[in-house]
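Asks: I'd like to ask some things about the structure below.
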Amino acid sequence: MSTPPKLAAPAAVPPVVEAALAPIILKHVEAALAARPAIISPAAPGRAPALLKYKGMFDTEQPALAALGLRLKAAFLEYEDRTGREKAKNLNQPLREWLEKVKSAGVFESVFAQGGSIWARESRSEEIIDALRPASILLRAGPRIESGYGSKLTIGVINEGVHVAWEGEDEESSESDLDTGDLILGAFKAMGTIRIANSLMRKGNLRSAEQLAADVGRAMGLAFDQAGLVGKGSKTPTGIVNTAGITKKAITGTTIEQKVADLKAMVADVMEANIPLEGANPFYFMTSTTMMGLSSLRDAASSGTGGWVFPGLQDLQNPTINGFPVGHTQTLAGKNIIGFGLAQELYFGNASPLEMELGENGNDFNRDRKTLRGVQEGDWQVRRPKAFSVRTGVTY
């Protein structure tokens, strides 16, 4: 039996070729290693990144409310510790451990960025806008917002926008003749209090934090709406309805045809003032009672039982009239008005951060609760009054 011939050893790679291939091979190896998933040892779960360890625990669809609620709970715990109100620490231990998990997860970091006093004072700048927006029809409409200006901020000139004109060669630039005074945002103080049971404050979960913040936001949002819509000045902002220069007329009547005409006429008033609607966040505002009444109107002239006069009001979560959003609030109850306007011609001044103080007031100690006091300074100003039209004498 013949022996198979031995294969010849492969020829050595020429040094020039090896030198050329080496960096290419190294590059591909490094890329393959980088693409491999990270391996976390099951023997040391405590060393896993905190965000992975608590993944999903702090998910929320309302981050602004969650952050504000966390501040309330952190302030509560600090007050309890500083005043020694809790003799046995075990009552607050679940909340304490939960807040530590929040810190470890690296979410809502700004909540724990500063200390407090015995009254657990916490302040932040613009986050209150997001907390107030769900309860405020004016903030939801999309006004211009200025924050953190202190006691006064001069915006510009009332009734004046950008002036553009074609100028002849060697001619001086013309100036607007609409200078009717400075547009100034002030700092009016709104203060609200809410009494909260200690047992609710001790709950260590995000849902509880969101609910606490929602209560605060709802109360202050309604207060700012009332000032922004019907405030009379002096100690409160001057609201839209009481701003000099807005279009204000009585309704033409209460028939279906007259209601339709009035709602369209308000839009026409703004358009006739040569203020573009596009991109200016147009919206209607009225009481919830008026909106529900309009939503039930049917056109008797239509076939069958009649079609809806305002079909956009059948979606009560996102109501519209003539294609424009409808803001409805009972802060207008008794004012007998409906209105239309451009939110981008309205300024909201968030003069300073929301200031929260937590303490015991009156019989709080005996009732096992705390009193939260929130102070917010701000103002409303209409930039161009003719961007708003109101109908008075509304009885429907």
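The values are calculated or read from the model by the stated rules, or taken from the named source; none is laboratory data. All figures in this text were calculated on a predicted structure; none of them were measured in a lab. Cβ sites come from the backbone with ideal geometry, for glycine too, and all protein chains shown count toward neighbours. Each accessible area value is taken on the protein alone, full model and side chains, heavy atoms only, with ligands, DNA and RNA left out. Shrake-Rupley method; radii C 1.70, N 1.55, O 1.52, S 1.80 Å.
Asks: State all residues of region 238-264 that are free of Cβ contacts under 8 Å to residues at least 40 places away in the same chain and aliphatic (A, V, I, L, M); if no residue qualifies, say none.
Replies: Looking only at region 238-264, we keep the residues that are free of Cβ contacts under 8 Å to residues at least 40 places away in the same chain, and these are 242, 252-253, 255, 257-258, 261.
Residue satisfying the conditions is 261 alone.
Asks: Just to verify a result, which residue in region 302-336, among those that are closer than 26 Å to residue 189 by Cα and in contact (Cβ under 8 Å) with a residue 60 or more places away in the chain, is most open to solvent (accessible area, probe 1.4 Å)? Full working, then the answer.
Replies: Applying the first criterion (closer than 26 Å to residue 189 by Cα) to region 302-336 yields 327-335.
This time we only want the ones that are in contact (Cβ under 8 Å) with a residue 60 or more places away in the chain, so: 327-329, 331-332, 335.
On the way: 327: 8, 328: 61, 329: 8, 331: 25, 332: 1, 335: 95 Å².
Ranking the candidates gives 335 first.
Asks: Could you pull out the residue among 212, 222 that is over 22 Å from residue 339 (Cβ atoms) and either assigned to a helix (DSSP H, G or I) or aliphatic (A, V, I, L, M) (or both)?
Replies: Numbers: 222 fails: over 22 Å from residue 339 (Cβ atoms).
The unique qualifying residue is 212.
Asks: Of the residues 192, 204, 168, 221, which is open to solvent by less than 60 Å² (accessible area, probe 1.4 Å), at pLDDT below 90, of a type outside the set (Val, Ile, Thr) and touching a Ser or Thr at 6+ places or on another chain (Cβ under 7 Å)? Don't jump to the end; show me each part of the working.
Replies: On the way: 192 fails: touching a Ser or Thr at 6+ places or on another chain (Cβ under 7 Å); 204 fails: touching a Ser or Thr at 6+ places or on another chain (Cβ under 7 Å); 168 fails: touching a Ser or Thr at 6+ places or on another chain (Cβ under 7 Å).
Among 192, 204, 168, 221, only 221 is open to solvent by less than 60 Å² (accessible area, probe 1.4 Å), at pLDDT below 90, of a type outside the set (Val, Ile, Thr) and touching a Ser or Thr at 6+ places or on another chain (Cβ under 7 Å).
Asks: Regarding region 243-254, can at least one residue be identified that is at pLDDT 95 or above, part of a loop (DSSP other than H, G, I, E, B), small (Gly, Ala, Ser) and farther than 26 Å from residue 382 by Cα?
Replies: Yes, there is a match, as at least one residue in region 243-254 is at pLDDT 95 or above, part of a loop (DSSP other than H, G, I, E, B), small (Gly, Ala, Ser) and farther than 26 Å from residue 382 by Cα.
Asks: Can you tell me how many residues within region 280-299 are out of contact with any strand residue (DSSP E or B) (no Cβ under 6 Å at 6 or more places or on another chain), among the hydrophobic types (A, V, I, L, M, F, W, C) and in a loop (DSSP other than H, G, I, E, B)?
Replies: 1
Asks: Could you list, in sequence order, all residues of region 342-396 that are part of a loop (DSSP other than H, G, I, E, B), of a type in the set (Val, Ile, Thr) and either farther than 27 Å from residue 237 by Cα or open to solvent by less than 10 Å² (accessible area, probe 1.4 Å) (or both)?
Replies: Step one: list which residues in region 342-396 are part of a loop (DSSP other than H, G, I, E, B), which gives 351-353, 360-363, 368, 383-384, 393-396.
Keeping just the survivors that are of a type in the set (Val, Ile, Thr) gives 394-395.
394, the sole residue that qualifies.
Asks: A further question follows. If you check 211, 258, which single one turns out to be under 22 Å from residue 324 (Cβ atoms) and not hydroxyl-bearing (Ser, Thr, Tyr)? Give the derivation first.
Replies: Values: 211 fails: under 22 Å from residue 324 (Cβ atoms).
Going through 211, 258 in turn, the sole match is 258.
Asks: While we're here: What single numbered condition from (1) open to solvent by 20 Å² or more (accessible area, probe 1.4 Å); (2) assigned to a loop (DSSP other than H, G, I, E, B) fails to hold for residue 260?
Replies: (2)
Asks: Right, next: On the given criteria, is residue 277 under 24 Å from residue 386 (Cβ atoms), touching a Phe, Trp or Tyr at 6+ places or on another chain (Cβ under 9 Å) and part of a loop (DSSP other than H, G, I, E, B)? Quick ask: steps written out before the conclusion?
Replies: Values: under 24 Å from residue 386 (Cβ atoms): yes; touching a Phe, Trp or Tyr at 6+ places or on another chain (Cβ under 9 Å): yes; part of a loop (DSSP other than H, G, I, E, B): yes.
Yes, satisfied.
Asks: Moving to a separate point now. Would you check which residues across region 263-289 are open to solvent by 30 Å² or more (accessible area, probe 1.4 Å) and in contact with a Gly (Cβ under 7 Å, 6 or more places away or on another chain) and list them?
Replies: 281
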